[in-house]
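Undergrad: Quick one: structure below, then a few questions.
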Amino acid sequence: MPVNNNTDMQFYQNTWMADHLFTVCDFAGPGCAMSCNEKSTWRALDRKTKCFTRAIKQVLASTEFFIKQDDDVLADQDYVHALMDKYRGHPDPLFISDILHHNDRINVFSLSGITHGNGKFYMFNRRLLDCLNVDVGYIGQRYEDTVFGGMIHTGCKDFNVTYVQEKNSKIWHRKYKNKNKDIDLAYIRNH
């Protein structure tokens, strides 16, 4: 999970995912699994995405599933566990997200005609991570989700990538509202 100075780590440490959290911070500090040494802004998120992808390829060698989610997101625990149960041992690279498509007139070979996810949440397996091209080239600043899609497109093109549409009702972005709870997950906007 990419975090910055506005991220309330205590909140996430009190959720179900605390034991599985690999935090990617702007700069080294308490609770940071790694840092990319750059302030998070919209203009830096593409580079931060490449940085954290490179790190998890090296550090988390025995992990089967990965979830990238923004710090203003909560994912339903039962839903995530059901996805892991369903796709455990999946033979092909797997990508689960709010699926989008992108055409880039400038980066025709690396970022045009790609499938990518809405960056609030995506889940992928080890097979996808292993084939990602973390050195994908492109011209100009691009959204991090497009760059991740470019990593899939250029690195996993020889594999049969399975794309799965997430259930948006199980992913709360910016706002969680249910019964007696009404929580603004993005009280302080990061960007």
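Undergrad: Has region 114-125 got any residue that is more than 29 Å from L21 (Cβ to Cβ) and not hydroxyl-bearing (S, T, Y)?
TA: no
Undergrad: Taking the condition of being under 15 Å from F65 (Cα atoms), among the charged types (D, E, K, R) and not in a helix (DSSP H, G or I), how many residues in region 82-105 meet it?
TA: Adding up the residues that qualify gives 2.
Undergrad: Ok, one more. Are any residues in region 30-81 part of a helix (DSSP H, G or I) and open to solvent by 50 Å² or more (accessible area, probe 1.4 Å), and if so, which ones?
TA: Those that are part of a helix (DSSP H, G or I) and open to solvent by 50 Å² or more (accessible area, probe 1.4 Å): R47, R54, K57, Q58, V59, Q77, D78, H81.
Undergrad: When the residues of region 153-191 are narrowed to those that are among the small types (G, A, S) and surrounded by 12 or more Cβ atoms within 10 Å (Cβ to Cβ), which ends up farthest from I96 (Cα to Cα)?
TA: Of everything passing the filter in region 153-191, A186 is farthest from I96 (Cα to Cα).
Undergrad: Taking region 111-152 as the search range and keeping residues that are over 15 Å from the mean Cα position of the chain (by Cα) and part of a helix (DSSP H, G or I), which one is surrounded by the fewest Cβ atoms within 10 Å (Cβ to Cβ)?
TA: Residue satisfying both the conditions and the ranking: D130.
Undergrad: Oh, and also: Do we find that D98 is closer than 23 Å to L21 by Cβ, of a type in the set (D, E, K, R), open to solvent by 20 Å² or more (accessible area, probe 1.4 Å) and touching a Lys or Arg at 6+ places or on another chain (Cβ under 9 Å) in this structure?
TA: Here the answer is yes, as D98 does meet what is asked.
Undergrad: Can you find a residue in region 142-156 that is over 25 Å from E64 (Cβ atoms) and at pLDDT below 95?
TA: yes
Undergrad: Look at region 63-86 and say how many of its residues are closer than 14 Å to F124 by Cα and among the polar types (S, T, N, Q).
TA: 2
Undergrad: Within region 35-77, count every residue that is without any contact (Cβ under 8 Å) to a residue 40 or more places away in the chain and charged (D, E, K, R).
TA: Total meeting the criteria: 3.
The values are calculated or read from the model by the stated rules, or taken from the named source; none is laboratory data. Keep in mind it's a predicted model, so treat the numbers as computed, not measured. Cβ sites come from the backbone with ideal geometry, for glycine too, and all protein chains shown count toward neighbours. Remember, those area values only see protein heavy atoms, side chains included, never the ligands or the DNA or RNA. Shrake-Rupley method; radii C 1.70, N 1.55, O 1.52, S 1.80 Å.
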